[in-house]
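Notes follow the structure.
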Amino acid sequence: MKNLFLISIFLCCACLMRAADNPNVKKLFAVTSGELKLSFMVGSDNRLYQLGFGDAAVEVAPPAKMPSRESEFFPPYGNGVITEPALQATHVDGNTSTELHYTGHRTEDLGDNVSQTVISLKDPAYPFTVDIYIKCYPDNSMMEIWNTVSHNEKGKVTLYRFASASPVLKAKAYWLTQFMGNYKREATLSEERLTEGVKVLDSKLGVRAHQMRIPSFMLSLNAPADENKGEVLAASLRWSGSFQFAFDVDWNKNLRLITGMNPLGSQYHLERGGTFTTPAILYAYSKQGKGEASRRYHRWAMKHAIRDAQKDRPVLLNNWEATHCDFDEERLKELFNGARQTGAELFLLDDGWFGNGAYSRDDDKHGLGDWEPSTKKLPRGLSYIAKEALKRKVGFGIWLEPEMVNPQSELYRKHPEWIITQPKRDPILGRHQEILDLTRPEVQAYEWEIIDKTLRPNPDITYVKWDCNRYVTQPGSGYLQPAEQSHLWIDYNWALYRLMDRFAKEFPNVMAMLCAGGSGRVDYGAMPYFHSFWPSDNTDPLGRIKIQWGFSHFFPASTISAHVTRMGKRHLKLAIDVALSGAFGVDLALDKATPEERAQIADAVKLYKESIRPLVMQGELYRLVSPYEHPLASLSYVSTDKQHAVVYLYQTKDGNVPQVVLGGLDAGKKYRVEEVGLPKGAVSRFPAHGKTFTGAELMSAGLANPLDTQFESAVLILK
Ligand code: DGJ
């Protein structure tokens, strides 16, 4: 240890000496966050060059010769830059090039072991500046980078490209894991080796923008990483709108990572004195494989990016799959009774509770935008029905989709000009609905009013599911000036965050689930306003296993809502066991279930509350056997004190994985293994059931697994 310290002091001095001797170097400095380091050099030409981005233990010396422009940390378009630019601006005089010179940097301690460095850059010929923010979370080797652009030119500067960051990685080879998909197939993993050239992953959807790809990825450096081994840089953009990730591998095998809002059709005219802020890209670095990269995201999120991380997520009974829009007070009361009998803690009333007369929300073609309770279905209003739930000791929550409108609605009749659309084009509907234009102040006020008038007079509503069921296909605003139509993509999302922020601040006791027609909006831009998210409308456990697996790479289990439904008509046990690995809920008609099914669900709820929920909420995830590689999927959560763990096993196909090697346990501790959630009268087939093993045994030989047939599943508790 002491030797290591001396070696690093020696390397550091050698570096500084070389820097002092090197006429090309004006300054060297580095920003370090745990195991991750970003090192810089200010050249004699005043430009900011990046020397290294990666392992903090590696000392990077400045090159003997002046670095090439490819090494510029934040390359602006024009004047000698020939790589993908991070920033492209046209100045007021028409000059299409920008030059950025280092003017200084400062580091501030933000407390709680978080620091922030701001590097200031300026164009020597124009009053045009860029400040690069680097926030460090050394506990988890995480770094968050974004920037602000400002100017004082006499007019508007147009920004065409605005990456959040564009660091360069220098490894022998790169493997990219992306999380793509579509409706009902969200967050599907796909891994490939990057070759020379530019590979772009993006979203052009604007709103519900992550329907086909989440704004997160993992890169394995030098060799493919697995769960426990390998060097990994994971990244997640804190942005709910369209995004673009460009992976540019050059001749020297350097990889420039350009990440940020999608510039497509989004040029931004920045006024004199104005500031343009990019969303942050959040990196996590791990030398212990993808599993540790995920756990770093989870720990960070629990501390910095999700609401009430210490609070248990309630067991929900949701009525969407059970009733769709077809319910009334009596039906709801029957469902409340079922919720009470099974031990569910909160009833979430989904879509269909609003709209009247010709616009009654009896299907998805009508009523969206008219947020008055249906007098037909809820004649005594929301307050009455919420109280009926409470009478049965079940909390009450409600579904909202504030951003949307059906043409078949009172709101649309009054304000057809409020929607996002393009003039002289036939409207293109998505799920029979249009998007309200959140850049328009009246719409901002209206959407707030929807939330406020639903929740304020009804304090018994303690949960909201915030949905969003279509994306942008005709980007145009009746509010924005013709020259500023391209601001729509960006301004919409900042207005959305203001709305979400106000909701979270003014209703701090209302829990919230983020949803967008499944998981069309899941990112750390929106998550700070929510407690959990809805990963998919695919609740067939077979599909859900992979979907939840995908999201687990970035989001802690406490945020992944997982409900038992009848979708896929699988065995109820499999549906339950899959839901038990997330924020557990039920979405089936309990009033129509058999007594045996109700009892089975009640047992699961009891088990979840007593033994599993603490591990789902606060445990550390270990992905054990991948459903992408084996007929079995297995994962576990281990308590932070390593006293308890829960292990899940799901057979997605026929075939046996004989041993499941566990992770994260204390090698020296003894663990008693017990299979739980067995059907009444069934006997565990696990040889380990009822026996005790050391953590070392479970993490080397593993657990013998008797499952071998598709749809079999098991949950084991270790104490
Ligand atoms: C899409 C969501 O993903 C579903 O769970 C449900 O809330 C419907 N919208 C309601 O319209």
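The values are calculated or read from the model by the stated rules, or taken from the named source; none is laboratory data. This one's a predicted model, so the numbers in the text were calculated from it and none came from an experiment. All Cβ positions, even for glycine, are placed from backbone atoms using ideal geometry, and neighbour counts span all protein chains on display. Remember, those area values only see protein heavy atoms, side chains included, never the ligands or the DNA or RNA. Shrake-Rupley method; radii C 1.70, N 1.55, O 1.52, S 1.80 Å.
Kindly indicate which of A280, A284 is in contact with a Ser or Thr (Cβ under 7 Å, 6 or more places away or on another chain), more than 30 Å from P127 (Cα to Cα) and of a type in the set (G, A, S).
A284
Could you please let me know if L716 is open to solvent by less than 50 Å² (accessible area, probe 1.4 Å) and either in a loop (DSSP other than H, G, I, E, B) or of a type in the set (S, T, Y) (or both)?
Criteria not met by L716.
Across segment 240-277, what is the number of residues that are assigned to a loop (DSSP other than H, G, I, E, B) and touching a strand residue (DSSP E or B) at 6+ places or on another chain (Cβ under 6 Å)?
Number of matching residues: 3.
What's the total number of residues in segment 239-253 that are more than 11 Å from K204 (Cβ to Cβ), open to solvent by 30 Å² or more (accessible area, probe 1.4 Å) and among the polar types (S, T, N, Q)?
Residues that pass the stated criteria total 1.
When only residues in segment 535-550 that are open to solvent by 10 Å² or more (accessible area, probe 1.4 Å) and part of a loop (DSSP other than H, G, I, E, B) count, which is nearest to the ligand (Cβ to nearest atom)?
Checked segment 535-550; the qualifying residue nearest to the ligand (Cβ to nearest atom) is D537.
Among the helices (runs of 4 or more DSSP H) contained in segment 552-620, which hold 1 or more residues that are of a type in the set (D, E, K, R) and open to solvent by less than 40 Å² (accessible area, probe 1.4 Å)?
It comes to 572-579, 613-618.
Report, by residue number, each residue of segment 330-353 that is out of contact with any helix residue (DSSP H, G or I) (no Cβ under 9 Å at 6 or more places or on another chain) and within 16 Å of the ligand (Cβ to nearest atom).
Within segment 330-353, none qualify.
Please find, among E434, E442, the residue that is open to solvent by 20 Å² or more (accessible area, probe 1.4 Å), closer than 21 Å to Q408 by Cα and either among the small types (G, A, S) or over 24 Å from the mean Cα position of the chain (by Cα) (or both).
E442
May I ask you to list the residues in segment 48-65 that are in contact (Cβ under 8 Å) with a residue 40 or more places away in the chain, more than 15 Å from L255 (Cβ to Cβ) and open to solvent by less than 20 Å² (accessible area, probe 1.4 Å)?
L48, P62
Looking at segment 352-370 only, could you name the residues that are in a loop (DSSP other than H, G, I, E, B) and crowded, with 22+ Cβ neighbours inside 10 Å?
Correct list: G352, W353, G355, R361, G367, L368, G369, D370.
How many residues does segment 299-312 contain that are closer than 13 Å to Y137 by Cα and open to solvent by less than 20 Å² (accessible area, probe 1.4 Å)?
Selection size over segment 299-312: 3.
Considering segment 468-503 alone, what residues qualify as being open to solvent by 10 Å² or more (accessible area, probe 1.4 Å) and within 16 Å of the ligand (Cβ to nearest atom)?
N469, R470, Y471
Out of segment 354-377, which residues are more than 16 Å from the ligand (Cβ to nearest atom) and out of contact with any Leu (no Cβ under 8 Å at 6 or more places or on another chain)? Talk me through it step by step, then tell me what you get.
Initially, segment 354-377 is screened for residues more than 16 Å from the ligand (Cβ to nearest atom), giving 356-358, 372-373, 375-376.
Selection gives N356, G357, A358, E372, T375, K376.
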